[in-house]
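One structure below.
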Amino acid sequence: MNRRVVITGLGVVAPNAVGIQNFSDALRTGASGISFDPELEALQFSCRISGTPTFENTVLESVFSEIERRNLQSTGFVYGVLAALEAWNDAGLSIETAHPRWESGIIFGNGSLGVGKFRESILQIDALQTRRLGSSAVIQTMSSAVSAYVGGKLGLGNCNTSNSSACATGTESILAAAERIATGKADRILAGSSSDSGPYIWGGFDAMRVCTFKHNDEPEKGSRPLSGTASGFVPAAGAGALVLEALDVALERNAPIYGEILGGHVNSGGQRNGGSMTAPNSVAVIRCIQQALIHSGISASEIDLINGHLTATIKDSTEIENWTQALQRSGADFPQIQATKGLIGHTLAASGAIETVAAVLQLKEQFLHPNVNSEDIHPEISNRIAVECIHPTKKLHKLDVIAKASFGFGDVNACLILKKY
Amino acid sequence: MTQTEILAKLTEIVRPYSQESTAMEHVSMETDFIKDLKIDSATLVDVVLDVEDAFGITIDNSAMEKMTNVANTIAVIEDAISRK
C-alpha cells in the first residue's frame, strides 16, 4: 500500500450490546449475548439458543421514517443501517451534504439479506397478491440494500457496493475498503457487514447439524470456541461498521484515530487438498495469513493478539494448527488468541465486521476481552499452544498488532493486520 | 362521500410520505404529489395501496398511473366508489 489507512469511526449492533460504548463495556466484562430463543423452540429446531441483538423501538425511530418503519422485516438491513450510521457519526462526520461526496464511498456486505421480508413477499405472491407487495420488498431484500440506503442518506459519491463471501464477508469488506483508499481511489470508505436474525436465515445451518443442540438449557454456556466440549456454533446476527480514512485526510480534519490497517489478504483454497464447500484447505489458510503479513510489512513475531475465526466446531483445532504453522510460533511463544464468538455466537456474514470492531476497541483501549466457555481447552489445542495464550494469568505487556482472520463456506479466507496508532 | 371529505382523508394518507411539511399545510386539488409534496416516486405505489385500504376500493393499473396529483386521485377514488 502507498497511502496509510486508519480507522476513524466504529458502529456495532451485536448480540451482547448495541452501540460502541455498550459493546466496549460488554467485551470487558465478558457479557454473553446468547439466550434461549422461543421462536426456534416453537419451530422445533435442534438448536434453540441464539445471539439476537435487542434494542428499543426508539432506536428505529431515530433513523427510519414512519413510512420506512412500516413492514420493516429485513433485520440484516436494519442492523446494517444502524451500525453504518453510528460509525459515520462516531467519526465526527456530518449527515447532511448538498452534493455527492466524491471521495467517500461504502462497501457493505452480507450473506443473504432480508429473508424475513422475502418470506412475507413469497406468502403474498403465492396468495396472488403481488400487486400489494408495495415498494419496500425490493429495497429491503436486494443484497446492496444497506449500501444503497446509507449511500443515499450520506450522499456518498465514491464506490457504492456490497460484497459477499459467506463468513469472511466483513473482513473482506474492510480489506477492500482499505485497498481502495491505499491506492488513492477514495479518501474515505464506510466498510462492514450485516446478517439477518431469525429461523429463516439459521434453518439451513440447523439442518446441516453445524449448530450446537447440547446447550438449550444453558444458553450462555452454548458457544464454546477452543473447548474440548465444543459441539457446534450458536447462530447469531448483527452488524459491524468502520469508517476507514486515508491518514492524511484524517489528520487534516483532526479525526479521532482508533488504529491503523497495515494490510491484509484474501484468498481461496479452491476446494482442493482437503478444502470443500464447507471445510478449509489448510494450505490456503496458512498462505492467506502469511501473505497478509508480507503485504503489511511485518513479521510473525510482532503479532501480539489473534482474533480468530474460531466458531466452536471441530475445526477450531485445525485453525490453531494453521496459525502455528503460518506464524511458526507455538507453545508459550504463540501470541494471545481470542474467540469473540464465545460471547456473541457466530454472526455469520456479520462476524468479520463485528469481531474487527471488537479487535479495534481492544487495540485503542488496550484491554483483552476474556475467552469464555473455553476453560476445558481442547487437547489438540492445548498440546500446540500454552494455556496462557488463551487464559492470560498476567496483564499483556503490549498490544500493538492484532491479526484478525475470517474463513467462510466456499473455502474462502480473509486476514487483516491492525496496528495501534 | 363529498369531495371535501375525500380530500381530507387523502391528505392524512399522504402526510407521512411527504418530505415537505409546509406544503402539506395547504393541499388543494392542484397539488402534485411529486413536485409539491416531494413524495418519492417509488412510494406512490404504497400511497395507492393505502388509498385502497382506506376507501375499501380496488384500483386497476391504468387508473393507478393517473394518480400523481390530488385532482386525478380524487377522480379515481370517486369513480371506484361509484362502481362499488
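Eigenvalues of the Cα gyration tensor times 5, then square-rooted: what semi-axes does that give for segment A:144-258, in whole angstrom, largest first? Could you put the intermediate results ahead of the total?
Working: eigenvalues 257, 55, 29 Å².
Whole-Å semi-axes of the equivalent ellipsoid: 36, 17, 12.
Where does chain A land at 222 nm, in deg cm²/dmol rounded to the nearest 500, when only DSSP H runs of n ≥ 4 count, each adding -39500 (n - 2.57), divided by all residues?
Values: 16 runs with 150 residues, N = 421.
Mean residue ellipticity, 222 nm, calculated: -10000 deg cm²/dmol.
Based on DSSP H runs of at least 4 residues, each adding -39500 (n - 2.57), what is the mean residue ellipticity at 222 nm of chain B after dividing by all its residues, to the nearest 500 deg cm²/dmol?
Values: 5 runs with 46 residues, N = 84.
One gets -15500 deg cm²/dmol as the mean residue ellipticity at 222 nm.
As I understand it, the value is the acute angle between the Cα axis of helix B:3-14 and the longest principal axis of the Cα atoms of chain B; what does it come to in degrees, rounded to 10?
60
What Kirkwood hydrodynamic radius do you get for segment A:5-259 when you take the inverse of the mean 1/r over all pairs of distinct Cα atoms, in Å? Intermediate results must be reported in sequence, preceding the final value.
On the way: mean 1/r = 0.0523 Å⁻¹.
For segment A:5-259, the Kirkwood estimate is 19.1 Å.
Above 17 Å lies some portion of the pair distances; for chain B, what is it as a whole percent of all C-alpha pairs? Kindly include the intermediate steps, with their values, before the conclusion.
Working: 1348 of 3486 pairs.
Counting pairs separated by more than 17 Å, the tail of P(r) holds 39 percent.
Using the structure shown, list the pairs from B:Lys9/B:Lys38; A:Lys341/A:Lys395; A:Lys185/A:Lys364; A:Lys185/A:Lys341 with a Cα-Cα distance above 24 Å, or answer none. Intermediate results must be reported in sequence, preceding the final value.
On the way: B:Lys9/B:Lys38 19 Å; A:Lys341/A:Lys395 22 Å; A:Lys185/A:Lys364 27 Å; A:Lys185/A:Lys341 34 Å.
From B:Lys9/B:Lys38; A:Lys341/A:Lys395; A:Lys185/A:Lys364; A:Lys185/A:Lys341, over 24 Å: A:Lys185/A:Lys364; A:Lys185/A:Lys341.
Report the GluC sites (Glu not before Pro) located in segment A:79-172 that are in a DSSP loop and have at most 14 other Cβ atoms inside 10 Å of their Cβ, or state none.
On the way: sites: A:Glu86, A:Glu96, A:Glu103, A:Glu120, A:Glu172; in loops: A:Glu96, A:Glu103.
Listed in order of number, the matching sites are A:Glu96.
Tell me the angle of helix B:70-82 to the major Cα principal axis of chain B, expressed in degrees between 0 and 90 and rounded to the nearest ten.
Value to nearest ten degrees: 20.
What are the chymotrypsin sites (Phe, Trp or Tyr not before Pro) within segment A:42-108 that DSSP puts in a loop, where the Cβ has at most 13 other Cβ atoms within 10 Å?
Working: sites: A:Phe45, A:Phe55, A:Phe64, A:Phe77, A:Tyr79, A:Trp88, A:Trp102, A:Phe108; in loops: A:Phe45, A:Phe55, A:Phe64, A:Trp102.
Those that pass, being in a loop and sparsely packed, are A:Trp102.
Quick one: work out the % antiparallel among DSSP beta bridges in chain A, nearest 5.
The answer is about 65 percent antiparallel.
Once the cut-off is 43 Å, how many percent of the Cα-Cα pairs in the protein assembly as shown end up in the long-distance tail? It would help to have the intermediate numbers written out before the result.
Values: 28789 of 127260 pairs.
The share of Cα pairs beyond 43 Å in the protein assembly as shown comes to 23 percent.
So what are segment A:264-419's ellipsoid semi-axes, whole angstrom, largest first, if each one is the square root of 5 times an eigenvalue of the alpha-carbon gyration tensor? It would help to have the intermediate numbers written out before the result.
Details: eigenvalues 94, 59, 50 Å².
Value: 22, 17, 16 Å, ordered largest first.
Under a 10 Å cutoff between Cα atoms, tell me which one of A:Gly109, A:Gly30, A:Gly204 has the largest fluctuation in the Gaussian network model of chain A.
A:Gly204
Loop only by DSSP, 16 or fewer other Cβ within 10 Å of the Cβ. Give me the trypsin sites (Lys or Arg not before Pro) in segment A:144-227 that pass, ordered by residue number.
A:Lys185, A:Arg209, A:Lys214
Report the longest stretch of chain B that contains none of the GluC sites (Glu not before Pro) sitting in a DSSP loop with at most 11 other Cβ atoms within 10 Å. Walk me through the intermediate numbers first.
Values: sites that count: B:Glu25, B:Glu30.
Counting only loop sites that pass the neighbour cut-off, the longest clear stretch is B:31-84.
Filter chain A for me: DSSP H helices, axial length by Cα at least 15 angstrom, mean Kyte-Doolittle hydropathy not below -1.0. List them by residue number. Please list the in-between numbers first.
On the way: long enough: A:75-90 (22 Å, 0.62); A:115-126 (16 Å, -0.02); A:169-182 (19 Å, 0.42); A:282-296 (21 Å, 1.03); A:315-327 (18 Å, -1.11); A:351-365 (21 Å, 0.64).
Once both thresholds are applied, what remains is A:75-90, A:115-126, A:169-182, A:282-296, A:351-365.
Restricting things to alpha carbons, tell me how big segment A:309-348 is in terms of Rg and Dmax, in Å.
Both quantities, over Cα of segment A:309-348: 11.1, 31 Å.
Readers should treat all values here as calculations from the given coordinates under stated rules, not as data from a laboratory. Just so we're clear, the structure is a prediction, and the values are computed from it rather than from any experiment. Note: ideal-geometry Cβ built from the backbone for every residue, glycine included; neighbour counts use all protein chains shown.
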